[in-house]
Amino acid sequence: FLGAGKPPMYGDYEAQRHWQEITYNLPIREWYFNTSDNDLMYWGLDYPPLTAYHSLMCAYIAKLINPDWIALHTSRGYESQPHKLFMRTTVFVADLLVYIPAVILYCFTLKETSTKKKASICALCILLYPGLILIDHGHFQYPLSLGFALWAVLCLSYDWDLLGSLAFCLALNYKQMELYHSLPFFCYLLGKCFKKGLKGKGLVLLTKIAGTVVLSFAGCWLPFCTNMEQIMQVLRRLFPIDRGLFEACMFSSPPPCLANIWCSLSVLIKIKNVVAPQTQLKFSFAVTFLSLLPTCIKLTVQPSIRGFKFALVSCALSFFLFSFQVHEKSILLVSLPVCLIINEIPFMATWFLLVSTFSMLPLLLKDGLLLPYAVTSMAFLSVCVASFSIFEKTSAEDLQLKPFCLSLKGYISWVKSFPKIVKSLFLLSVTLMAVLSLMSTTVNPPQKLPDLFPLSVSLVSCFHFILFLVYFNVILLWDSKNSRSQKKLI
């Protein structure tokens with residue numbers, strides 16, 4: 001894992017271990033404060049309370065096995081093989097208890113997967129997604145927030161709105177990045193209440209949902225509600241506005257290598273040096289809001305599960321491209337909802353998931369995960385090609401672009417060549433990603449451009465993501481509420 005055996009920080013693995021040390025040995029009031037026993041500069045807690053509670057639970061188990069693993073101060077940088085096995089086991093258990101059951105149940109309840117074989121294939125493709133495997137088990141991260149979010153989607157698809165609201169509140173209280181998914185949840189449920197009528201059943205539903213959200217947050221935040229300073233300190237840790245628009249993103253030398261629009265533009269314009277931090281925040285918020293607005297309005301006016309899933313993709317991708325303080329791993333928040341529609345648009349979903357994994361290549365290389373990256377990516381592509389026959393589903397209708405194409409003049413003249421164009425672009429894209437992946441590991445960059453390959457990966461990925469954002473928005477905005485396809489899929 002990244003940083004193993006390298007003081008003073010030791011990497012993300014140490015962050016998770018250190019949080020167990022802090023939560024077990026210190027009172028709750030000190031978890032988010034800088035004290036003599038809790039140096040916030042050394043992997044200080046910067047996730048919501050549910051993450052801290054999870055760390056505490058793991059710490060109690062670690063204490064029973066070996067108290068040295070979480071001893072205050074003296075356990076810093078602990079990396080024994082038994083402890084690594086324990087930590088990896090905790091991730092695997094989280095997968096087994098939360099994420100994997102949600103994936104399997106989701107696939108087996110889809111109306112499009114009419115047989116157990118189709119459902120199994122769909123679940124296999126989602127579980128083989130390389131990005132999540134490499135980050136959760138290679139880089140070290142827990143899948144709980146994504147798992148809770150998936151349970152929330154599953155509940156809403158059954159009209160279990162209160163359970164869905166509860167599950168999403170758990171996701172949001174585990175990682176604040178789940179804000180990427182918050183607007184689609186809000187707009188879908190609000191639109192559903194409007195549809196039922198705010199003077200009758202809709203008002204009752206809205207009241208129940210609001211009550212569920214308030215009680216869920218109260219349950220998670222209650223120990224920190226002793227005074228306002230506690231609450232504000234936790235919020236300052238969760239939203240470090242003073243850091244600016246983006247950080248170094250795991251790279252020791254500038255410019256940062258992240259596949260969002262701000263880091264890509266920084267190659268040409270040094271935004272952080274030209275614009276004040278508060279102005280960066282306001283501008284980022286404005287651009288993000290404007291990019292989200294059409295999708296949110298559409299979903300509120302015409303709430304449907306199908307539209308909700310596509311809105312999750314579109315909104316999360318907008319957040320990733322335009323919002324404040326993005327991290328490379330945040331692309332996983334876009335990838336999860338893309339996995340949920342892989343059965344509907346297998347070709348484009350497969351393409352996006354490959355690009356999302358590729359966008360994290362510089363981080364994966366720093367982790368020493370080149371071989372797992374290559375193997376899992378090829379395995380994922382092979383399974384998707386074999387399972388979904390993706391190259392046979394490249395027509396405008398298969399890509400759900402027919403309503404948009406019909407609105408264009410001259411559609412008939414080029415519709416026959418559409419599949420060929422799309423396939424050619426896909427092969428060009430995959431070839432470019434493969435070449436850059438190979439060159440990143442085998443070719444020394446010019447001395448004057450030491451970050452040439454990481455920047456190339458970021459720029460290529462960002463270009464892909466912008467096109468994908470346009471694509472998903474076109475599907476959502478041109479989709480007719482009364483179209484046959486929607487009646488079939490909802």
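The values are calculated or read from the model by the stated rules, or taken from the named source; none is laboratory data. It should be emphasised that the depicted structure is a prediction, and the values quoted were computed from it without experimental measurement. Cβ sites come from the backbone with ideal geometry, for glycine too, and all protein chains shown count toward neighbours. Accessible surface is based on the protein model in full, side chains and every heavy atom, while ligands, DNA and RNA are left aside. Shrake-Rupley method; radii C 1.70, N 1.55, O 1.52, S 1.80 Å.
Residues in the chain average 45 Å² of solvent-accessible surface per residue, probe 1.4 Å, ligands and nucleic acids excluded.
Hey, which of these cross-link pairs are over 26 Å Cα-Cα: LYS175/LYS309; LYS116/LYS329; LYS116/LYS196? Spell out each step's value before the answer.
Working: LYS175/LYS309 20 Å; LYS116/LYS329 32 Å; LYS116/LYS196 35 Å.
The pairs that break the limit, which is 26 Å between Cα atoms, are LYS116/LYS329; LYS116/LYS196.
Over all directions, how big on average is the projection of the convex hull of the alpha-carbon atoms in the range 1-144, in square nanometres? Don't skip to the end; give the middle numbers.
Details: hull surface 38.7 nm².
Mean projected area for the range 1-144: 9.7 nm², to one decimal.
Per-atom-type breakdown for the chain gives carbon and sulfur 69% of the accessible area (1.4 Å probe, protein chains only).
Based on Cα atoms of the range 62-134, Rg over Rh with Rh as the Kirkwood radius reads 1.22.
For the range 12-77, compute Rh as the Kirkwood radius over C-alpha pairs and then the Stokes-Einstein diffusion coefficient at 37 °C and 0.692 mPa s; write the answer in µm²/s, rounded to an integer.
284
Take LEU363: with every protein chain present and a 1.4 Å probe, its accessible area is about 0 Å². Could you tell me how far the Cα centroid of the range 122-162 sits from the Cα centroid of the range 333-397, in Å? Taking the Cα centre of the range 122-162 as reference, the centre of the range 333-397 is 15 Å away. When the residues LYS423, LYS448, LYS309 are ordered by accessible surface, computed with a 1.4 Å probe over the protein chains alone, the sequence from largest down reads LYS448, LYS423, LYS309.
Tell me, what is the Rg over Rh of the range 316-442, with Rh the Kirkwood radius over Cα pairs?
On the way: Rg = 16.4 Å, Rh = 16.2 Å.
Radius of gyration over Kirkwood radius for the range 316-442 works out to 1.01.
For PHE418, the accessible surface of its heavy atoms amounts to roughly 30 Å² (probe 1.4 Å, protein chains only, rounded to the nearest 10). Directionally averaged projected area (the chain, Cα convex hull): 24.9 nm².
In debye, nearest 20: dipole of the range 101-487 around its Cα centre with unit charges on the Cβ of K, R (+) and D, E (-)?
Numbers: 32 positive and 16 negative charges, 227 e Å.
Around 1080 debye, computed over the range 101-487.
Checking the cross-link filter: which aspartates and glutamates have an alpha carbon closer than 19 Å to that of LYS366, excluding same-chain neighbours under 8 positions apart? Filter leaves ASP12, GLU14, GLU79, ASP136, GLU247, GLU328, ASP451. Computed with a 1.4 Å probe on the full set of protein chains, the accessible area for MET232 sits at about 80 Å².
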